[in-house]
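The values are calculated or read from the model by the stated rules, or taken from the named source; none is laboratory data. Given the structure is predicted, the values throughout are model-derived calculations rather than measurements. Note that we place each Cβ from the backbone using ideal geometry, even for glycine, and neighbour counts take in every protein chain shown. In case anyone asks, the SASA skips ligands and DNA or RNA and just uses the protein heavy atoms, side chains included. Shrake-Rupley method; radii C 1.70, N 1.55, O 1.52, S 1.80 Å.
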There are 2 protein chains.
Amino acid sequence: MPRADAVSNRARIVEVARDLLNSTSELPMNAVAKAAGVGQGTLYRNFATREALLAEVYRADVDQLVASAPQLLAEHDAATAFRRWLDNVADYARVKRGVLAALEPGPGHALAAGHSGPIGEVIEVLLAAGRAEGSIRADVSAQDVLLLLGFLSREEAAEPAHHLLDLIFNGLRTR
Amino acid sequence: MPRADAVSNRARIVEVARDLLNSTSELPMNAVAKAAGVGQGTLYRNFATREALLAEVYRADVDQLVASAPQLLAEHDAATAFRRWLDNVADYARVKRGVLAALEPGPGHALAAGHSGPIGEVIEVLLAAGRAEGSIRADVSAQDVLLLLGFLSREEAAEPAHHLLDLIFNGLRTR
DNA sequence: CTTGTAAGTGGACACGTGTCCGGTTAGTCT
DNA sequence: AGACTAACCGGACACGTGTCCACTTACAAG
């Protein structure tokens, strides 16, 4: 059972981080610690990396992203749903630059286990639907897609994101 | 006309950096400066970023990579040549982890001008050949390819590189 | 040979990151 | 209530990065 102050500290860290991101879109770890009134030790114990902190801050957004997939699958064929979902990811990534960092597999975090968090599972679902439909290559894993999506984290790729997604998605399709 | 000592300093910096990479595969900038017997100021003036230094160290390798493209185009059809060339890139990237950093477009360096250095030009040549042949999509730019190749810089992508290249190349092809 | 000066030098500095550890405190047990 | 202990706290620290600027020196002109 975690201590009460530890819980509130963690919550305050996330809250402060969200505020910082809204105002400056920068996220210096030591600034977060100072603003939250905790030491760096506490900050790093709760969130070992900046990505972990971002993941918590954007968890609601990630959840929404995850939730949109089944909805898309219900309304469209698998290929279209997949394509639309990728567009959703790109849109989120452009608005909130941190989202993509949040869904990236941490070092040694994703390679060992097969699942790369909720996002990985959703991609797997979309891939499975596409495979069943015959529109998506059978040799594509969620890990592959995640890796290919890595370009979204590059700053240079703000605008042509949809175009690049087009190329990537074209590559995932059967021919 | 640059000063004589400046020239030798620059050469020694590159030499030292190469040695460091061969022994530790790490490249701390201040370590390079100290080992080369120059101040950090000198180092950063000659090479504004670590990438610039890596680019110089691996220039010979990059040149070889660039030279292999026309050769491949002479021996195979454009699509095959392009595919083989991508494999070459992946092989280089796996052996010398720094090569990929060397060919990446620096911030604001590649977006403005159309050319992203020699690598960008080679890719453009391969793309043009593929377009003429009708096997490569017309809406693909060298910049796109460079961005998509960005996954090579991720550590996690050491082994499945060829598979991912397969997916990417599949995306570049016409259908 | 002396002097001028523009280029070059190199180290101090400010900043961000992540680790480590002595002190503190919440929750529990008697 | 009082004491114990394990978890927690938070700041000092060591390290790497990149910038800045006072000093030095190569080269040229008189």
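Note on region A:127-159: residues that are facing chain B (nearest Cβ under 9 Å), at pLDDT 80 or above and assigned to a loop (DSSP other than H, G, I, E, B) amount to 4.
The sole residue among B:Asn30, B:Asn46, B:Asn88 that is surrounded by fewer than 20 Cβ atoms within 10 Å (Cβ to Cβ) and farther than 30 Å from B:Glu124 by Cβ is B:Asn30.
Okay, residues lined up against (1) at pLDDT 95 or above; (2) open to solvent by 70 Å² or more (accessible area, probe 1.4 Å); (3) not in a helix (DSSP H, G or I):
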| site | (1), (2), (3) |
| --- | --- |
| B:Gly41 | no, no, no |
| B:Leu65 | no, no, no |
| B:Gln71 | yes, yes, no |
| B:Arg83 | yes, no, no |
| B:Pro105 | no, no, yes |
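Using the structure shown, decide if B:Ile123 is on the phi < 0 side of the Ramachandran plot and either at pLDDT 90 or above or within 14 Å of chain A (Cβ to nearest Cβ) (or both). Here the answer is yes, as B:Ile123 does meet what is asked. Contact annotation: residue pairs with Cβ atoms under 8 Å, 6 or more positions apart or on different chains, pairing a residue in region A:37-64 that is touching a residue at least 12 places away in the same chain (Cβ under 8 Å) with a partner that is of a type in the set (Lys, Arg) and away from DNA strand C (no atom under 14 Å from the Cβ), are A:Gly37/A:Arg12; A:Val38/A:Arg12; A:Val57/A:Arg18; A:Tyr58/A:Lys96; A:Asp61/A:Lys96. Within the set B:Arg45, B:Arg18, the sole residue that is within 19 Å of B:Arg94 (Cα to Cα) and assigned to a helix (DSSP H, G or I) turns out to be B:Arg18.
Of the set (1) over 23 Å from B:Ile119 (Cα atoms); (2) open to solvent by 90 Å² or more (accessible area, probe 1.4 Å), all apply to B:Arg18 but (1). Of all the listed residues (A:Ala11, A:Ala60), the sole one being within 30 Å of A:Ile136 (Cα to Cα), more than 9 Å from DNA strand C (Cβ to nearest atom) and aliphatic (A, V, I, L, M) is A:Ala60.
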